[in-house]
Amino acid sequence: MKQITHYLVLVTIFISTLASARIIETNAMEEILPHITKKTWVVFDLDNTVMEPTQTLGSDQWFDYLVKQTGSVEQAIELWESVQAHTRMQPVEEGTPILIQRLQARGYKVFALTARPQSLNSVTVKQLASLGVRFSKIVSIGPTSNKGDTLLNELSQAEVLPPRVVFVDDKQKHVKNVEEALDTAGIDNIEFRYGAADPKVRAFNAKIAAIQLRHFQNTGIIISDSQARAILP
Ligand SMILES: [Mg+2]
């Protein structure tokens, strides 16, 4: 009897784990597609999800490094922003711009929810346009706000609530915050912790970024990682 009780407890734990396991880990953007049903809202993070700079300077991992190094989010934002207007961007995954275009063409509500500051919006729009991405809306909240709360605010302004929200972000904290907020609001939600940029984040080299920053500040030109590596002492 004791063994049966034990077994039942395990089964219950397993089932409840399944029910709440809506954070899906993926490196392939197309994995979101089967989860998008009628009238689903599809919400994308931008940096390291939709796009990334073509070099280390200006990357999200460089921003995180700057915050740690300077101990000041404001200082990090200032430096990071100074690069954004000048850097070329590329999609994290080649097929993502077309995937977004196709969702839009099918009539889904697709928008961006980014930790970028609002002040960068016109630059952000240009960067996305260079990849062929045009979001009907970009919600910029700054690096210290909660994406879950912001999404709830968006939902509170909607004429009709979506039956489901699919959210894609490379950062675990945002994915978790969105899951918690939407669960509380009782809206069906599926989050993707998107890891296609993880290898680059892990391989971040502060010396490369420092050489690129110095060169950029002296000349206004952003050199590539291989060019920076060639001048490494
Ligand atoms: Mg991101």
Pick from the range 6-47, criterion within 16 Å of the ligand (Cβ to nearest atom), modelled with pLDDT of 95 or more and more than 18 Å from Ala112 (Cα to Cα), ranking: surrounded by the fewest Cβ atoms within 10 Å (Cβ to Cβ) = Glu25
Where residues in the range 167-224 are touching a Phe, Trp or Tyr at 6+ places or on another chain (Cβ under 7 Å) and over 30 Å from His35 (Cα atoms), which of them is nearest to the ligand (Cβ to nearest atom)?
-> Phe204
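Would you call Thr150 more than 24 Å from Thr56 (Cβ to Cβ) and either surrounded by fewer than 16 Cβ atoms within 10 Å (Cβ to Cβ) or under 17 Å from the mean Cα position of the chain (by Cα) (or both)?
yes
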Whichever residue in the range 110-131 is without any contact (Cβ under 8 Å) to a residue 24 or more places away in the chain and among the aliphatic types (A, V, I, L, M) and, among such residues, is farthest from the ligand (Cβ to nearest atom) = Ala129
For the range 35-66, name all the residues that are of a type in the set (A, V, I, L, M, F, W, C) and in contact (Cβ under 8 Å) with a residue 24 or more places away in the chain.
-> Ile36, Trp41, Val42, Val43, Phe44, Leu46, Val50, Met51, Leu57, Trp62, Phe63
Here the residues within the range 60-72 that are of a type in the set (Gly, Ala, Ser) and either on the phi > 0 side of the Ramachandran plot or near the ligand (Cβ under 10 Å from one of its atoms) (or both) are Gly71
Determine which single condition Val50 fails, assuming it passes every other condition in (1) in contact with a strand residue (DSSP E or B) (Cβ under 7 Å, 6 or more places away or on another chain); (2) under 14 Å from Gln212 (Cβ atoms); (3) crowded, with 21+ Cβ neighbours inside 10 Å.
-> (2)
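How many of the residues making up the range 163-222 are assigned to a helix (DSSP H, G or I), under 19 Å from Leu46 (Cα atoms) and not basic (Lys, Arg)?
9
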Checked the range 20-61 for anything touching a Ser or Thr at 6+ places or on another chain (Cβ under 6 Å) and in a helix (DSSP H, G or I); matches are Met29
Is it the case that Gly107 is in a loop (DSSP other than H, G, I, E, B) and without any contact (Cβ under 8 Å) to a residue 60 or more places away in the chain?
-> yes
Examine the range 86-93 for a residue that is within 16 Å of the ligand (Cβ to nearest atom) and over 17 Å from the mean Cα position of the chain (by Cα), and state whether such a residue exists.
-> yes
If you scan the range 32-47, which residues turn out to be under 16 Å from the mean Cα position of the chain (by Cα) and charged (D, E, K, R)?
-> Asp45, Asp47
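The values are calculated or read from the model by the stated rules, or taken from the named source; none is laboratory data. Keep in mind that what you see is a predicted model, and the values were worked out from it rather than measured. Heads up, the Cβs are rebuilt from the backbone with ideal geometry, glycines too, and the neighbour counts pull from every protein chain shown.
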